[in-house]
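Shown next, in structure tokens, is the structure this report addresses.
Quick note: the coordinates plus some simple rules give every number you see, no bench work behind them. Note that the coordinates shown come from a computational prediction; the quantities given were computed from them, not determined experimentally. Positions of Cβ are generated from backbone atoms using ideal geometry, with glycine treated the same way; all protein chains shown enter the neighbour counts.
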Amino acid sequence: MYKYIWLVPLLPLAGAAINGLFGRKFRFSEQLIGSIAVGSVALAFLISVAAVYSYGFGGQAHWPVPYLTSQDGFSFEWIPAGAVSVNHGASYALLNIEWSYQLDPLSSIFMLIVTGVGLCIFIFATGYMHGEAGFYRFFAYMGLFMFAMLVLVMGSNFLMMFVGWEGVGLCSYLLIGYYFDRQEAANASRKAFITNRIGDFGFALAIFGVISTFGTAQYTQVFAQAKSFPLETLGHWGILSWIALGLFIGACGKSAQLPLHVWLPDAMAGPTPVSALIHAATMVTAGLYMVTRTNVIFQHSQTMLLVVALVGAATAIFAATIGITQNDIKKVLAYSTVSQLGFMFMACGVGAFVIGIFHVMTHAFFKALMFLGAGSVIHGMHHEQDMRRMGGLKKYMPYTYWTFFAGWLAICGVIPFSGFWSKDEILWSAASTTQIPLGWLIWLVGTIAAVCTAFYMTRLMAMTFWGRERFLETPAGGEADEAHASAYDKGLAAHDARLPSAGDRPRHEPGEHVGPVHETVASHVASHGHGGHEHGAHIPHESPRSMWAPLVALAVLATIGGFFGVGPAFRFITRAEHPGGRLNIVNWLNPVIWNPATGDFKTAEGGHEAAAAPAGEHGSEPLAEATHEGANGFNLAHAVEGSTHNELATEWIFIIISLVAAGAGMLLGGLFYVWRPSLPDIWAQRLRPLYLASYNKYWVDEFYGWAVTRRTMDAARAVFSFDSKIVDGIVNGFATLSRGLSRVVGGVDKYFVDGLVNTIAAFVARLMSPLLRAAQTGFTQNYALVMVVGLMIAVAAFFAGDIVTALRGIFAAVM
Amino acid sequence: MTLSGYEALFFWIFALAAIFAGLLTVMARNAVHSALFLISSLVSVAALFVLSGAEFIAGVQILVYVGGVMVLFLFVIMLVNVGAEERGRDEIFNNQRQVTASLIFCFLLVGGVLYAVSTGYAGLEKRYPKAEALVGDQTAPTQQTGPQNATGTSHMTKDTERIGGSLYRYASLPFEIASILLLVAIIGSVMLARTLKQEASADDVDPEVLLEEVARDLELAKLEPQSE
Amino acid sequence: MNMLNCFNPAFMFLFQETDGSRLGLMKHAALNPDLSKFLVIGALLFIIGVAGVLTRRNIIVIFMSIELILNAANLNFVAFSGYLQASGHVNALAGQLFAVFVIVVAAAEAAIGLGIVIALYRNKETIWVDEIDLLKW
């Protein structure tokens, strides 16, 4: 069955093509467009499930060997590039890049995430985008995005990944700028694309490095070669470190890490399903995919691993602190995404790549859930996105509330929800890592970020769903309502593009209502026409089933999804390091991860056998080294273990600490926003500088604007003035020189040459003209005379000899 | 072909008459006199033709040249030249220089021709020795004659017969071409001699020119074009 | 012929046989004109015609001089034709044939030319050629 994985990217593309090319022309109904889009993704999902099942669990399971579609002929030769020189001309390799898909443990996980979560989001979007004029366009772009993302994760070589990489960047641009007539959306889409491109530059350089070092771009071949490269320890910077640097720059751009994170919050100007799919579940995880795919290269470069971990940690804490003070529900979720991505990179940096991917999976579940829930809230609140005007929505939108509740618990890391399993393992890996130094610092930063995460997510829950209903108390306040009201004053349609917006806002007809609850208050809403600022607040309503059904599905996943990665801390229950056999993500993914100790990929089923177990294997901490100082500086886990002398207890200590951190954050959030609502303002005043820094996103955008954008424009202006003054000056100087020269030559010609010609001509004319003029008498008989003379001359010439003889004769006779 | 006897006498009479008449044609003051002198010159030349044995040509000369062309000349003289006599003395010759130059070149030409004839004739005699036969010799092979004429003084010659035979057999193409030439000449002369009125009524005048002419002669405007 | 016998003495003087002297030759040449005399007569007519074309002011007289020229040419043709007939040349009649065509052409040319003269007279009201000098510089 896994032979047919090549259909998986193709089906969404076909759906996108049909919708895009024919959707408007033949005026497809929304139902048709939606069915085509959802159907194509659903079919892709089913095929993925079948393929992964037969790959990993079927009778002739292919796992763990990667399966390439070229083995069965479902591929084609894409770039037969010929000979390339390798290692600075040391040797040559024949570079043939083919377009084939690879099914291996890593890509299978991503296939399932992308198509599965994507399916939920597509179904949600059919309800959310109802009434849009560009319905077909939305689903065309979404289908194109699915295609690009699947090419990215299923590609068998770096160039296919790059194609997918760029493709998702393009679709992100198209989808963020979906409301293209709004300046805010246009700016955001441009910002996203350009920031992505900066990262792509690094990625491209890395690909060049890969090709010139290994002579091939195919994963299987590259990693087989890279295995045997020497390890580049801290401070030693070799070719693999360069490649890893380029790759990581690409990952920073795509996955919104510091300093290229600036596009993700602005990308919330796109429709909510876009934010859910692209900026929570799939595109931003492409960086993670890439880092994990190339973990061989990364693990060879200790410096880069440290860089990855530090950047991830910095991003996590940075974004978490910003999220505390934001008021737009989507912006909170955006910064939460950035922060969680930082967590994932932290995991990869400390060597726990599998846990990073695990966190990708669980994060996809609960973040997509929360984004869709936020979309449902926004829809129900008639496009109100400011949390200050929400509150108490629990009783108005029950489905949304309870599913969001599950997501909240998951992200905070409460056992047994999915977020707990992955986040805890990350922190444990950071504390116990032996691959890089400063593991303890990473752990500390991660824990603080987890506290912040719990805090702001609780804040979000409190402000949105609990407490009093603030939307009833603010009659004509807020941007959205004010815009709505003033629209009636000005006679513009509501939701006009010219009005300042509070975020994404689909185009409903002003009187259109969706959902059953709203009919009872239709009369109230119908009284919009009374003009003026006297404008009642909207009564929120639950979303239609097409919107809350995916929420339920995702909530289920967010709840139980963590059981795919039960860690060794529970081995006293499960009797296994990683229970579940191949269903456990660690067992499933291990063959993709390189083991620096053995020099080869990790064996399946964990190589946990204690005696021969090499250090660095995830999840097993042999007691061989009883010293605090591991191979790389202070190791926190070892230190703790030194005290407890029980590795299980050590693990459980860290678990308790992370649970306590989560609980503390939740309690703090509850304190500030449920029990003592006056506290936030007091503390905001007390910590005013910090508050301002957080609220203004640490002024990063302004700094970039000043340092990069304006300086670039200044440079452009300087270059322009150089070109226009100096270069053009030179050219114009030549022109002036030519003109001067031509004037001189002209003078010579006019006075000397022409003078000569004129003199001669005048002389000849004066001489000959009267003579020649005299011949033109106009008198026919003169002409006849001339003819006769000519005739005589001709005859005489004919008889010249005879005439001469005769004349001589006469002359002789006379004389 | 040597003439002798009376034929020589008539030759000299007609030759001198032709020359004299030609001279007077050129020198006559009155155009009508010039025409009449030309007629007499042409008739003399016709007689010379007869003496050369070309009776048909002589007849054609009289009929066509004198009877047609010279009559036409006289008509045209009457049309255009009548006023000249009444005005009195007009110069008939061009200016002095033209006349002088012409006479010089003419004398040169005549001298050249005479000389050429005299020197060339010797060669001609050598080439065609049998030409000494007398024209009137009836035994000469080329002088086959027909029956006697009405007065009985001579025989009718076969010249016309021979010319007719040659003209319609060997020279039939030039004959046809000549007839077309005459047709063209007829059409051309009709066209050339039309008045403005005739041209306007046949719609053969350029509109701009017609406007000009109408300004001068208002009767033209009344003409209706005969063709559409 | 009988009536002419009274002129016999003059004829006898004139038509007697010549001796070989120069005067005799000349007399013989004069009394027995042959082709050369024809040609000379033709040449003289030609010259007179050319002189007339070049010197007269009256257009009609110029045309008549042209007719003289053509006539001189005709005389030449016919003289040669007769001469060749006498000498038994196979193509002797060609001269007379050509003379026919010359007459035809002369007639056509005279018609057209006089048509031109009439058109010219209508436009310029003059027959003096030296007044028709529009091509003068």
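Modelled label-to-label distance, residue B:118 and residue A:1, 7 Å Cα→beta-carbon offset: nm?
13.7 nm
For residue A:774 and residue A:806, what does the FRET efficiency come to when R0 = 35 Å and r is the distance between their Cβ atoms, rounded to the nearest 0.05?
0.55
Under a cut-off of 17 Å between alpha-carbon atoms, report the lysines in cross-link reach of residue C:136, not counting same-chain residues fewer than 8 places apart.
The qualifying lysines are C:124.
For labels at residue A:81 and residue B:33 in the simple 7 Å Cα→Cβ model, what's the distance in nm?
In this crude label model, residue A:81 to residue B:33 measures out at 11.7 nm.
Working out 0.36 nm times the residue gap between residue A:21 and residue A:598, then minus their Cα-Cα distance, what length gain in nm do you get to one decimal?
In short, 202.4 nm is gained.
Starting at the first residue of region A:317-326, write each ³J(HN,Hα) from the Karplus equation 6.51 cos²θ - 1.76 cosθ + 1.60 with θ = phi - 60°, in whole Hz, x for Gly and Pro.
With coefficients 6.51, -1.76 and 1.60, one gets 6, 4, 5, 4, 5, 6, x, 5, 10, 7 Hz.
For residue A:101, which sequence-distant residues (separation of 5 or more, or a different chain) have an amide H within less than 5 Å of its own amide H, given hydrogens modelled in the peptide plane?
Under 5 Å from the amide H of residue A:101: A:69, A:70.
For region A:202-212, what does the Karplus curve 6.51 cos²θ - 1.76 cosθ + 1.60, with θ = phi - 60°, yield as ³J(HN,Hα) per residue in whole Hz, taken in order and with x for Gly and Pro?
x, 4, 4, 4, 5, 5, 4, x, 4, 5, 6
Work out from phi, with θ = phi - 60° and the Karplus expression 6.51 cos²θ - 1.76 cosθ + 1.60, the ³J(HN,Hα) of each residue of region B:117-122, listed in order in whole Hz, and give x for Gly and Pro.
The phi angles translate into 4, 5, 6, x, 5, 4 Hz.
Please list, ordered by chain and number, the residues whose modelled amide H lies under 5 Å from the amide H of residue A:129; skip anything fewer than 5 residues away on the same chain.
Here the answer is none, since no amide H 5 or more places off falls under 5 Å of that of residue A:129.
How much length, in nm to one decimal, is gained on full extension between residue A:783 and residue A:472, taken as 0.36 nm per residue of separation minus their Cα-Cα distance?
100.0 nm
With a 10 Å Cβ neighbour count serving as the proxy for reagent exposure, in which order, fewest first, do A:451, C:90 appear?
With the sparsest Cβ surroundings first, the list reads C:90, A:451.
With everything on Cα atoms, drop me the angle between helix A:711-721 and the longest principal axis of chain A, reported from 0 to 90° to the nearest 10.
For helix A:711-721, the angle is close to 0 degrees.
Express in nm, to one decimal, how much length is gained between residue A:698 and residue A:741 on full extension, taking 0.36 nm for each residue of separation and deducting their alpha carbon distance.
Value of the extension gain: 9.2 nm.
Can you give the FRET efficiency for residue C:26 and residue A:754, using 1/(1 + (r/R0)^6), R0 = 56 Å, r = Cβ-Cβ distance, to the nearest 0.05?
0.15
Counting other Cβ atoms within 10 Å, which trypsin sites (Lys or Arg not before Pro) in region A:550-599 have at most 10 and lie in a DSSP loop?
A:575
What is the sum of charges around residue A:682, taking Lys and Arg as +1, Asp and Glu as -1, for the other residues whose C-beta is under 12 Å from the C-beta of residue A:682?
Neighbourhood net charge equals +2.
Evaluate E = 1/(1 + (r/R0)^6) for residue B:79 and residue B:100, where r is the Cβ-Cβ distance and R0 equals 35 Å; express this FRET efficiency to the nearest 0.05.
Efficiency at R0 = 35 Å is approximately 0.60.
Excluding residue A:159 itself, calculate the net charge of residues whose Cβ lies under 15 Å from the Cβ of residue A:159, where each Lys or Arg counts +1 and each Asp or Glu counts -1.
Here the count lands on -3.
Amide H of residue B:156: which non-local residues (sequence gap of 5 or more, or other chain) have their own amide H closer than 5 Å, using H built in the peptide plane?
When sequence neighbours closer than 5 places are left aside, the close amide H contacts are B:146, B:148, B:149.
Per-residue ellipticity at 222 nm for chain A, helices alone: DSSP H runs ≥ 4 residues times -39500 (n - 2.57), over residue total, nearest 500 deg cm²/dmol?
Mean residue ellipticity, 222 nm, calculated: -20000 deg cm²/dmol.
Compute the long axis of helix A:545-560 from its Cα atoms, compare it with the longest principal axis of the Cα atoms of chain A, and write down the angle in degrees, 0 to 90, nearest 10.
So the inclination is approximately 60 degrees.
Beyond a 27 Å Cα-Cα separation, which of these cross-linked pairs lie in this structure: A:395/A:423; A:254/A:423; A:25/A:254; A:191/A:227?
Table pairs above 27 Å Cα-Cα are A:395/A:423; A:25/A:254; A:191/A:227.
With label points built 7 Å along Cα→Cβ from the Cα atoms of residue B:9 and residue A:197, find their separation and express it in nm.
Placing both labels 7 Å beyond Cα along the Cβ direction yields 12.8 nm.
For residue B:182, what is the net charge nearby, where nearby means another residue's Cβ is under 13 Å from its Cβ and Lys, Arg count +1, Asp, Glu -1?
Around residue B:182, the surrounding residues sum to -2.
Would you mind checking the tilt of helix A:418-432 against the longest principal axis of the Cα atoms of chain A, expressed as 0 to 90 degrees and rounded to 10?
Compared with the principal axis, the helix lies near 90 degrees.
Starting with the highest mean, order A:172-184, A:697-709, A:17-29 by the number of other Cβ atoms within 10 Å, averaged over the residues of each peptide.
Most protected by this proxy first, the peptides run A:172-184, A:17-29, A:697-709.
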